[in-house]
1. With the Cα gyration tensor of the range 279-401 giving a ≥ b ≥ c as the square roots of its eigenvalues, does the rule (a/c under 1.5 for rounded; else a/b larger than b/c for prolate; else oblate) give rounded, prolate or oblate?
2. Which value at 222 nm does the chain reach when only helices count, each DSSP H run of 4 or more adding -39,500 (n - 2.57), with the total divided by all residues and rounded to the nearest 500 deg cm²/dmol?
3. Using Cα atoms only, what is the angle between the long axis of helix 554-563 and the major principal axis of the chain, expressed in degrees (0 to 90) to the nearest 10?
4. Would you please classify the overall shape of the chain from the alpha carbon gyration tensor, given that a ≥ b ≥ c denote the square roots of the eigenvalues, rounded means a/c under 1.5, and beyond that prolate means a/b larger than b/c while oblate covers the rest?
5. Starting at the first residue of the range 461-472, write each ³J(HN,Hα) from the Karplus equation 6.51 cos²θ - 1.76 cosθ + 1.60 with θ = phi - 60°, in whole Hz, x for Gly and Pro.
6. List the residues, sorted by chain then number, that are 5 or more residues from Val543 or on another chain and whose placed amide H is less than 5 Å from its amide H.
7. Relative to the longest principal axis of the chain, what angle (0 to 90°, nearest 10) does the C-alpha long axis of helix 389-413 take?
8. Let a ≥ b ≥ c be the square roots of the eigenvalues of the Cα gyration tensor of the range 430-479; is it rounded (a/c under 1.5), or, if not, prolate (a/b larger than b/c) or oblate?
Amino acid sequence: MVSSHIMTQSSAADSESTWAGWLTVERAAYLGIALLALFVRFFNLGLHPLGAAEAHQALTAWQLAQGDSLGGMVSGVSPLLLSLNHVLFLLTLGSDTLARALPALAGTLLVLLPYGLRHELGRRAALIGALLLALSPTAVLFSRTVDGHSLALLGALLALVAVTRSLAGANPWAAWAGVGVAVALSSAAGGITGVLALLLGLVWFARGQIANLSSRLRSLIQAAAGPAVLVFVLGATLLLTFWPGLGGTADLFGQWLAHIAPAADAPPFWWPLLRLLLDEPVILFGTLLGLGFWAFNPAFRQRLTWPVKTAALWGGLALLLALLGRQPADGFVIAVPLTLLAAQAFDWLLSQVQDGPRWSEEWIVMLTSLVLIVTFRLYLASWAQASQNQYLIAALVLLGLILVLHVLSGFWIGLRATLGVLALFVLTAVSVGQVGRLWALNHNLLPRQVLLAYETVTAPDVRVLVATLVNRSAHRYGDEHRFQVDVVAGPTSDIVRWYVRDFQRVRLVTSATDANDTDALISAMSDDPSPPGADFIGAAYTVTQRWTPQGLSGAPLLRWLLSGEAKTPAQNQDVVLWVNGAE
């Protein structure tokens, strides 16, 4: 008994020692960043109603889980996300939050991948990259969306990390390279850009390394091919039970090629650049710093490894496609790879500041600049709220004082020290602004259609419509979901059908000509709406909204750019809910 007790204590001590040895400060930092990413992605995940594309993706998975026939080919969906949500909906009742749960989880895992590149980036740069991904407004936005790009970017970056580790001699990573490629190619069109950039980067930036390690490269391809094919086929077809999923992967390539020509309602060609400036100022600033260091600093250029160069190529290719086609997920596809270059640039900047003179006068300039920029922001907010020009004039004066301060500091502490202070000041200012942008895009209720200009968002009114149906069904039948609900096919029909899916009988009809046998009919608003029958009573609801900055100029344009506020109306798509009043 005593010996058994001693052995138990020894085993527990060994386990505690092993855990303590594994949990270094660096790994604890990654765990903290992962928890932060988990919080901002899952907090109030069902706040906003599903958009049209989200509803189409979620409704398709829901129909498969209910055993409904989809009539052959599926399009406009992520095959891998469709399979995963299909399984999830088999096990649960389904909801907005559950439909978004897997992309949110993928977005959280994405944050941890820079850990695999810490030997190439440097340990501090890899940590910076993880933090940038955790707080990237577009990364959080698409992690909270029923969209395959969160999975696709996870797969593409996993492939880059796994190939890097495999070529460095870590053989177990080869299979993960195949998994990453398969996930990227079966999730979203943006994943194709990442895989293409990886191939180009291997040929362009790693050709010397490949030539010296040709046998290792062959082993990598052989080890990755099997998992790639297996995950691609099984993931797209739901374990070989839904073969139209393979057709859905072909549709992704068609979507990728569609970048060559923009849609008729696409925003202007400069829109992706403005979105990067508004939504990702930290990553954009870091990328510009990195490109500047790359061009003019030989020491920084020598420090860049082939994975970072490949990531920069990936971001550049994504930006080129965005300028051509202007798709909603372009900002996400651009921001993720450029994070690596930005992290490398910020790490270099910090190392140069640490190697410079002792910070005494520099801190005076830095703190004074921060006080001025906070005051500037307060005056700017007052101008946006009150529209009184004296607040704008005061804000511009403060901005001028910041410029004068840094010009004078160049004579006081030297040009090199001033540039370092200026870079850190800009980084601090845009970081605070980016956190505010993250919250506005993902956690504020209104006006979301203004923040997501040129994109169609679902109005909260759709949930009011469903609540009305639930109340009427409970009043008539004593059952909240006994109503038969007919939905007329149209641009918003997928959204409506997703939200009325819990009713016992839901039909998609082509017209409202004969609906006397139904309890409720939902049809698009027309110029002269007429009831489908004499006993029907109707009420209008706004389902989607789309806002563009077209027509803004002067002060209203500046107010929208700086505060995300605009008073011009959005384009609404309304539906009419007709309820049969006959008892």
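1. On the way: a/c = 3.50, a/b = 1.30, b/c = 2.69.
Oblate, since a/c reaches 1.5 and b/c is not below a/b.
2. Working: 26 runs with 392 residues, N = 583.
After summing the helix terms and dividing by residue count, I get -22000 deg cm²/dmol.
3. Around 80 degrees separate the two axes.
4. Numbers: a/c = 1.90, a/b = 1.29, b/c = 1.47.
Judged from the Cα gyration tensor, the chain comes out oblate (a/c at least 1.5, b/c at or above a/b).
5. 4, 5, 6, 5, 4, 5, 4, 5, 4, 4, 5, 5
6. Gln573, Asp574, Val575
7. Roughly 20 degrees between the two axes.
8. On the way: a/c = 6.78, a/b = 3.11, b/c = 2.18.
In terms of gyration-tensor shape, prolate.
Throughout, read-outs are computed from the coordinates displayed, never taken from laboratory work. Keep in mind that this is a model prediction, so the values were computed, not measured. Heads up, the Cβs are rebuilt from the backbone with ideal geometry, glycines too, and the neighbour counts pull from every protein chain shown.
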